[in-house]
Ligand SMILES: [Zn+2]
């Protein structure tokens, strides 16, 4: 895609209210046609959109692995290398919980029963992050305004990175394709220990003002933080010295952050994805909303295990078009989505493997790091 001039650089000083006023170009027959075909597919294949047995099987495996690994780490690890290995495994299982249980839960995609979705979404609080703030940042801002600079907060990495062509460039960004990998791990530590609290007390999330959680949401926020801090620090400190506990915490969350960023950024922060800003004349996004979702997203072919572990997030186009359908269905839905996109002349793009996706992200960062 074209790299814009400096004059087109966008600052991210928007409010939540102004963000919600952004309009897209008029709708075509694309989404109604696709919705119809997907509904027909579920009817003829006698599949369920939610409450799928494969999903609940995952829930059992991942929760069992989480509890077992935690117990081994806190109560049985004897040497530093056992603690390190178990911390890395724990970080990966936390990723699995996030990709599968929490992500589907927050989109109401697990079940037709609301409390099951709520419970799955709350698994994020268990692993250290607020499900309340995630829902605003992910469901509202990312899903509605994908790759739109200043609107999609997934691209806000402060002064450290230039991740869209419309963000301001700094000279040190010419090295961002080297140092950002390390920051991806650190970012999750900051998110877990500082950002949720900062958002709560400052009422700001990524430059935006947000309503504080109230009622049940406030109870979940407070209890979630108490539970996480108890599991991550209070219990381990009864049995191990402070520095050992801190080491295991950092390794766990660093691993989790690195892998989580890899998987999420392969869907959007790659060379083939489209990046837009509102038109300077009309003030709207000159693309239909559903078409922009497809063209700003890139799928990635994963092997069956990675596909299972990453909660179908490699079928990222299907996820953005049908976020309320359980991810175990995405692979089967994808030929219909691809065919319909082709019929309507919409780019349906796929990176051929996980490493192609990682390389594409590296090249994209390197390209944006050059002086515009
Ligand atoms: Zn999502």
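Since every read-out is calculated from the coordinates, none of them should be taken as a lab result. Bear in mind that the values here come from a model prediction, so they are computed numbers and not experimental data. Positions of Cβ are generated from backbone atoms using ideal geometry, with glycine treated the same way; all protein chains shown enter the neighbour counts.
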Calculate how steeply helix 354-369 sits against the longest principal axis of the alpha-carbon atoms of the chain, using the helix alpha-carbon long axis, and give the answer as 0 to 90 degrees to the nearest 10.
70
For the chain, the longest principal axis of the Cα atoms and the Cα long axis of helix 242-265 enclose an angle in degrees, to the nearest 10, of 20
Quick check on packing: order 265-275, 191-201, 212-222, 101-111 by the mean number of other C-beta atoms within 10 Å, highest mean leading.
101-111, 265-275, 191-201, 212-222
Ranked highest first by the average count of other Cβ atoms within 10 Å around their residues, in what order do 148-158, 162-172 fall?
148-158, 162-172
In deg cm²/dmol, rounded to the nearest 500, the helical mean residue ellipticity at 222 nm of the chain, built from -39500 (n - 2.57) for every DSSP H run of length 4 or more, is -15000 deg cm²/dmol
How many angstrom lie between the Cα centre of region 231-270 and the Cα centre of region 113-147?
19
Gain on full stretching of the segment that runs from residue 272 to residue 29 - 0.36 nm per residue minus C-alpha separation
85.0 nm
Using only Cα atoms and rounding to the nearest 10 degrees, what angle (0 to 90) does helix 330-343 make with the longest principal axis of the chain?
20
Is region 83-197 best put as rounded, prolate or oblate by its Cα gyration tensor, with a ≥ b ≥ c the root eigenvalues, rounded for a/c under 1.5, and otherwise prolate when a/b is larger than b/c, oblate when not?
oblate
Separation of region 161-179 and region 298-372 by C-alpha centroid, Å?
24
Kirkwood radius from Cα pairs of the chain plugged into Stokes-Einstein at 20 °C, 1.002 mPa s, gives D in µm²/s equal to 99
How do 314-324, 246-256, 283-293, 72-82 rank on mean C-beta neighbours within 10 Å, highest first?
314-324, 246-256, 283-293, 72-82
Of all DSSP beta bridges in region 6-369, what percent run antiparallel (nearest 5)?
25
